[in-house]
Amino acid sequence: MFDIQNKKDRLKQRFDAFRKDMKTDASKKISDVVVKNATVIDLSRVKPRFQEPLRNRKSGDNAAAAVFSKKKTHHNHEKKESLRAAELALPMEPEEKAKRKIRLWWGACGVLLVFVFLLLTFAFDRAAVAVTPAEEHFLLKGVGIGVDTSLHSVDVLGKRLPGLRIEVAKSAEKSFPTSGKKYLQSRAQGVITVTNNYSVTSQPLVRNTRFVEQGGKVFHLIRGAVIPGMSVKDGKLESSSIDIEVIADQPGDGYNIPPANFKIPGFAGTPKYDKFLAVSRNSFGGGYVGETGFATNNDIRNASEQVTKEAYDAVKTELAGKIPSGFVAADGARLIQITGVKKPLGLMLGDSFEFSASADGFVILFKQSDFAQLLEAIAVPPDKKMSFQEDKSQIAFSKIAMRRDGSGFDATLDGDVLFRYRIDSDSIKNGIVSLSQENAGQWLRTRQDIASFEFKMFPSWIKTMPSSASSMSVEVR
């Protein structure tokens, strides 16, 4: 009752202020409607009946009192509705408008936060598992293996690897100063190629056999030689030839001649004179009379060592540079040899002399992947899936024996080999799907192939693995 009185007083106050501000007839009509709905209740007529104690009434009035109570309640409800309608018809104060907007905004934010929370938790949940595989060491002692260029795949039972052969040939040439000084009377020397176009019978030549070049200078055969006879190929005769060393008849630089043609005077007047041909392809040298520099034995030895080393190193360097990606060369699985040394014939006179050497070599390679496959087959038990870790292993090749035909080599392996477990990501996902983090951790600890692990959950508050394996990822460290 008092609540109705208070509302009536507040409503009248607000209405009076509102009517003062009204300027138009339309607003006046609205005011009339409000006044009509907001009928003033004469509480003096109602008060005595509300305050009358029920115990003072007669029992016969109980039914009338109940009827009156219902009417009173209905009447109050109608009055409350009239007041509420009047309040709604009046304009809301700015402060109340602002408070209402704030309440609506916070309510919308709360609903949105709940929606986002549920969406992240149940629709976009993700889990990442970072796994460090376990490692095991195996010792190799005196394990024999072979590398063969004729193989195309790994022979696990025979412990043999497919091999690749790479060949290189290099030469080195250099000029060296002479250190000797003396008065000399030396005769020029050179090489002549003698060709037999006469018969299939070989022709012997004795020491000091004379050869005369077209200018008349005479040279003598230094050592006896046999010129091979002509050969028969496909029913036809083919000439045969041989290289021989000759020396000038007299000392002096006049016999240091360029390449020339020669005749054998001993065959003059016979068919052999024109059938045996002699030609020098290089200049003759060493002829000298007077004081000059010359190459001592020490000069020659040093020159030989230098050019042969340069030729050897050139082959070694080029072999190393030709190793394809993914292949390995075992230390000692190569062969390099000096194939020739070239120096001037006779005394090396003058201020300098030329020296050259040639070398060739080859190396036998094998694939790193094939080697890892063989090691895994040798050392790892069949029930374990592991990979060879080259950077953490120490393996030595010993007792390397190159095969004579250059087709491969045999060796002995010793060392400490490290293997790492191969992780099956799908088995991990399927094993921990829908598990709590605690149970998932316990399950991962039972696996011998995992050394350590770490969970990364999104959103961070979820404590259970996603219900789908596709919502999980496994990172192998």
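Across region 320-477, the relative contact order, built from alpha-carbon pairs under 8 Å that are at least six residues apart, equals 17 percent. Relative contact order of region 182-291: 41 percent, from C-alpha pairs under 8 Å at least 6 residues apart in sequence. Put a dot 7 Å past the Cα of Ala130, heading toward its Cβ, do the same for Gln214, and the two dots end up 8.7 nm apart. Take the Cα of Lys97, step 7 Å toward its Cβ, do the same at Val200, and the gap between the two points is 13.1 nm.
Computed with the Debye formula from one identical point scatterer per Cα of region 380-477, without solvent, the log10 of I(q)/I(0) at q = 0.25 Å⁻¹ comes to -1.31. Distance between the pseudo-spin-label points of Ser387 and Gln306 (7 Å out from Cα toward the beta carbon): 5.2 nm. With a Förster radius of 22 Å applied to the beta-carbon distance between Lys463 and Asn430, the computed FRET efficiency rounds to 0.65.
As a quick test, which of the pairs Lys233/Lys275; Lys170/Lys322; Lys385/Lys456; Lys233/Lys342; Lys272/Lys342 have an alpha carbon distance above 21 angstrom in this structure? Violating the 21 Å limit, Cα to Cα: Lys385/Lys456; Lys233/Lys342; Lys272/Lys342. Here the average projected area of the convex hull drawn through the C-alpha atoms of region 182-291 stands at 7.1 nm². Charging the Cβ of each Asp and Glu at -1 and of each Lys and Arg at +1, and nothing else, the dipole of region 182-291 about its Cα centre rounds to 200 debye.
Each value in this text was obtained by applying a stated rule to the coordinates, not by laboratory testing. Every value quoted in this text rests on a predicted model; they were computed, and no experiment measured them. No Cβ is skipped: glycine too gets one built from the backbone with ideal geometry, and neighbour counts run over all protein chains shown.
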